[in-house]
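Read the structure below first, then the notes.
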Amino acid sequence: MTNRIRTRSNADKRSLQDRQGRAGGGSRKRPPAPAAGLAVMQRLLGNAAMNRLIRSADSRQTRMLDKLADEAMRAGRTDLIERFNQLSPGQKAAALKLMEQLADAAGLHASEVDWGVIELCLDFVRDVQLREEEVETEADVAEEGGETAVGTVNTSGLLPPYNQVVRWLNYKAHKQGKTDVMRAFGSLDLDQKKLAIHRMADGNSKRSDVESLRKALTVRIREKEWLDWDKVMEAIRGAEQVNFRDMDEREKKAMFEIGDEEERSPDPVFLPLLLPDKDDRRDDGKPISVILLEDAERFAAMFQGAADWEAIVDRCLGVPVDAADGERETERRNRLAARGFASMEQCFRQIVDEWARICFERGVLNGVDLFVRFIGLVGFKMVKGKYPLPSGIAAKLLARTLGRRKPR
């Protein structure tokens with residue numbers, strides 16, 4: 001089902017914001033950040049999550065979040081705050097932008113919030129693989145005076161990566177005024193849908209994940225990223241002509257151009273725990289989350305294996321492994337101080353929080369194999385409706401690691 005709501009033009013929004021500013025006393029100064037609702041969110045989400053959210057939101061979005069949190073507490077809908085917190089950074093940005101566009105329909109300028117519209121925004125972006133900066137670069141017809149359209153899509157019978165691709169295509173179609181394309185896609189049978197996705201990825205690619213389609217379909221027009229919807233429709237029409245009912249498995253593989261290697265199940269044995277260090281890692285001042293992602297396989301092995309927590313901190317800080325004990329301790333203290341940590345344990349706890357968030361976003365929300373396997377191997381079951389939250393993953397890792405040695 002699709003919901004279309006006429007949104008204000010950008011000029012109308014700016015005019016409205018100016019009038020609201022004058023009504024508040026005529027001052028052009030930015031008002032102080034609201035506190036009541038944000039304090040509610042901070043209690044529910046924790047300091048780290050709240051700080052990340054405030055850094056990524058602009059002033060209008062911060063005020064909107066304050067109102068939403070305050071009203072959610074009064075209405076007993078704090079579950080929506082938790083659902084918002086479970087979104088990835090890219091999904092959060094998309095949800096905030098959508099709430100801004102639907103602010104009138106959601107009652108954000110009125111005395112009563114329409115929680116159904118807020119839920120619609122959260123459900124629309126949930127399970128869609130979005131980069132953190134994507135909301136700033138993607139084309140959006142609502143920004144050009146069009147209508148904001150949101151709606152779900154049926155992915156029954158499709159497994160990863162196909163179901164992830166369909167959710168991403170559905171999101172883009174609604175943002176770019178191409179819901180008719182998704183209706184045409186929905187009329188295909190399961191095998192035809194898979195074939196269409198492969199053909200969207202330039203036809204001869206074994207890979208059919210979101211990133212492959214993003215590269216194959218993205219075109220830049222007027223500084224915004226659109227999908228090549230003509231190419232999408234061409235793939236749909238071509239797949240529609242193929243009759244899979246009379247084909248055997250060998251013929252189907254030939255159609256999809258899938259080899260035996262891709263068909264094999266993932267190896268259940270985790271990565272070797274004592275992977276050789278390929279380089280002497282040096283800290284470039286990168287955020288901890290970036291360091292963890294760039295060396296994700298190694299950190300997964302260290303967290304899951306026998307490595308002590310201090311070794312994880314040293315690797316994340318870039319402390320040279322071949323330095324003499326005294327030099328290494330000095331280097332460690334300097335790097336901790338440079339990042340604002342008072343101790344090894346304080347640093348490690350932040351590393352764990354960041355790693356748990358990455359595992360949740362990449363594993364639970366987006367089904368990335370490395371993180372799905374890691375979550376399972378540290379003791380969680382990936383059961384629908386009972387997925388582990390970042391706080392649970394962090395608690396499990398702290399118990400496994402800090403429990404081995406008394407922290408210094």
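The values are calculated or read from the model by the stated rules, or taken from the named source; none is laboratory data. Small disclaimer: the values here were computed from a predicted structure and weren't measured. As a convention, Cβ positions derive from the backbone with ideal geometry for all residues, glycine included, and neighbour counts pool all protein chains shown.
In segment 51-69, the count of residues that are charged (D, E, K, R) and part of a loop (DSSP other than H, G, I, E, B) is one or more.
Within segment 350-385, if we keep just the residues that are surrounded by fewer than 18 Cβ atoms within 10 Å (Cβ to Cβ) and of a type in the set (Lys, Arg), the residue that is nearest to the chain's Cα centre (by Cα) turns out to be Lys384. Scanning segment 93-126 for residues that are closer than 22 Å to Leu213 by Cα and crowded, with 22+ Cβ neighbours inside 10 Å gives Ala93, Ala94, Phe124, Val125. Restricting to helices (runs of 4 or more DSSP H) lying wholly in segment 144-253: which have 2 or more residues that are aromatic (Phe, Trp, Tyr) and more than 27 Å from Leu365 (Cβ to Cβ)? Here the list is empty.
Assess whether Val166 counts as being assigned by TED's automatic domain parsing to the domain that holds Arg220 and surrounded by 19 or more Cβ atoms within 10 Å (Cβ to Cβ). Yes, satisfied. Restricting segment 313-363 to residues that are more than 26 Å from Pro89 (Cβ to Cβ) and of a type in the set (Gly, Ala, Ser), which is modelled with the lowest pLDDT? My answer is Ala323. Looking across segment 348-381, the residues that are of a type in the set (Lys, Arg) and closer than 20 Å to Leu159 by Cβ come down to Arg362, Arg373, Lys381. Would you check if Val128 is in a loop (DSSP other than H, G, I, E, B), closer than 20 Å to Val232 by Cβ and not assigned by TED's automatic domain parsing to the domain that holds Lys224? So Val128 passes the test.
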